[in-house]
1. For chain A, compute Rg over Rh where Rg is the Cα radius of gyration and Rh is the Kirkwood radius from the inverse mean 1/r over Cα pairs.
2. Using the alpha carbons of the stretch A:189-294, what is the convex hull volume per residue in cubic angstrom, as a whole number?
3. Note down the Stokes-Einstein diffusion coefficient of the stretch A:8-147 in µm²/s, whole number, using a Kirkwood radius over alpha carbon pairs, 20 °C, and 1.002 mPa s.
4. With an 8 Å Cα cut-off and a minimum separation of 6 or more residues, compute the relative contact order for chain A in percent.
5. Kindly give the distances from A:Glu182 to its copy-mates, label point to label point, with each label point 7 Å from Cα along Cα→Cβ, as nm values to one decimal ordered shortest first.
6. Can you tell me which lysines have their Cα less than 28 Å from the Cα of B:Lys323? Leave out same-chain residues fewer than eight positions away.
7. Hey, with R₀ at 41 Å, roughly what FRET efficiency would B:Ala18 and B:Lys323 work out to, going by the Cβ-Cβ distance, to 0.05?
8. For label points placed 7 Å from Cα toward Cβ, what is the shortest-first list of nm distances from A:Arg61 to its copies?
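Each reported figure results from applying straightforward, stated rules to the coordinates on display, with no laboratory input. Everything numeric here is computed off the predicted structure, so don't read it as measured data. Note that we place each Cβ from the backbone using ideal geometry, even for glycine, and neighbour counts take in every protein chain shown.
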Protein chains: 2
Amino acid sequence: MEINDGTLAQLGEEWVIARAAKIFGTGGQWVGIGDDTAVTKIEKASAVTTVDLLVEGIHFRRETSSAYDVGWKAIAVNLSDIAAMGASPLWAVLGLALPKDTPGSWVEELFRGMKEISEKFGLSIVGGDTVGSPGKIFISLTVIGEAEKPVLRTGGLPGWQILVTGYAGASAAGLWLLENSEKIENSENLENIEDFARVIEKHRRPVPQIEAGKVIGRGEACLLDNSDGLFRSCQLLAEGSGLTARIDSKEIPIDEPTRRVAELAGVDPLDWALWGGEDYHLVAAVPNSRLAEISSSLEGLGVLCRVVGVLQAGDPKVLIDEKRLEAHPFRHF
Amino acid sequence: MEINDGTLAQLGEEWVIARAAKIFGTGGQWVGIGDDTAVTKIEKASAVTTVDLLVEGIHFRRETSSAYDVGWKAIAVNLSDIAAMGASPLWAVLGLALPKDTPGSWVEELFRGMKEISEKFGLSIVGGDTVGSPGKIFISLTVIGEAEKPVLRTGGLPGWQILVTGYAGASAAGLWLLENSEKIENSENLENIEDFARVIEKHRRPVPQIEAGKVIGRGEACLLDNSDGLFRSCQLLAEGSGLTARIDSKEIPIDEPTRRVAELAGVDPLDWALWGGEDYHLVAAVPNSRLAEISSSLEGLGVLCRVVGVLQAGDPKVLIDEKRLEAHPFRHF
């Protein structure tokens, strides 16, 4: 069935599988959808595997994100974990639990969003499982990649420089706008419309930094992604190396659009940078001797490289401008 | 926190991750829970990947299955797909969406069930993602394995023998008992209590046939598992080879306990064998010349090997006792 203007109750599971096979088709390179498992190959020494769940009502809302954006982001967050190992993505499998009143067009757009970003990063979606859901939409994505020597978040030494590869807080600014759209609509804010579009785009369609991860992974480094906010990344770096991460807040890169939205929202943009999360760039600690090479390679990729602090001897903790901060509580349950 | 007599709202996400890390610990062989991704290795030429979703209320009910059994079965169904490629399991990642009123003890037992079967089959659970669920429990499991030459379900030739490696219909019999427990409770049925326990065990704790899959995978074969009932397996074999699968119903192995429960239920046990599903043994088509070797190797493993039919020239269809049967409808949505 080619038409997709019915619900899944009308179109059936076969339609979902047929659309997935058509949109994700790997062109015969690997065995994809249609056997008991997918069959693929790894050439490098190590496999890296990551899984993320996205739940409707918690991680996305159909009112504020298109299916296309949800598909993009589901892949992006996993690729960001692959990037954080200095690895290359290879293949993915998708688990989908869908209520029977889900429109076929929603599923089709989800697949198209997944396909676009997968293609950009050389990822093949090779299999999956589709089931009914008694409630909300659940998306489970597992991505497997490879690296000769994956970069862990542990093992930094005193004096290693802490760097970030992107502007922090932009995703939080985008989310604030999506949740406060009435505040954009009065005319005095319309001059900022391009800023608004930019941070919303960063929230909806984050771009995983695969190539930047490989650059940082070429030599000694601790590496992770900035998915839970810069404070949490620095805390994990500190714990992973048993050292204190000393951060200079005025070095944290926050772009102008984020600052303008923060002003509109009446919040300190540093709060969004430290706690907002979902920025999906990379945070690394590297020896001083590597800084020039990394910085010039990242510049060549068009990727920001900003030193925001240093690892130093001391308890595993984070000092922001010499003050010890504790994590904001965030609870999944 | 060691105690698990609270709900997840009380225990928190950290508790879930700490319990997973403790129960699934890989003893340092691989990088497991705690970095951006798991880090593992593949030695053989091909990777095989499978994913399955289990949704509370659809695939299991907390009233009729213990958390331990759910954990066991979640792993078993994936390992059965690995077995159906003639492959060896290596590692798994787990996605869990849990309502905040889920008891910690339920999660602990789920992990213990997963751990027991994983250990039996050399599978390491190396990572995962835990999120809240606004409704039911969702479990997503991805398993990766390896094989020099994975066995597909395609490419059979006329004259190849169709064999099964286990008794069909037992899982359906077990499910019927679980859903009709009041019928077991009158005294005249108590003499059958061991039979009942046996088929219920087959439904709750299926045993994937990894070693049998490797035996069949040593040479030419088409192979799949019997998860959706014997009719569906034969239909997929027929379609995969573009041949007719001719099945002799009296050769289909149905054990005595299943026959006795079928009598109690007033159904033809052949219906359960053909359509019941969830038996998780293997269905293969192999050249005549391989039968003696396969049969003797499976016997050595204590695994049943029964020829139930043959592939022959003709449209891709299934003939049961020379009659063409169509699939029963089964809809996920």
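1. Expressed as Rg/Rh, it is 0.99.
2. Enclosed volume per residue, from the Cα hull, is 116 Å³.
3. Diffusion coefficient, whole number: 141 µm²/s.
4. With pairs under 8 Å counted, the relative contact order is 22 percent.
5. Result for A:Glu182, in nm, nearest copy first: 5.3.
6. Answer for B:Lys323, where 28 Å is the Cα cut-off: B:Lys250, listed by chain and number.
7. The pair B:Ala18/B:Lys323 has a calculated efficiency of 0.10.
8. Taking the point 7 Å beyond Cα along Cα→Cβ, the inter-copy spacings are 3.5 nm.
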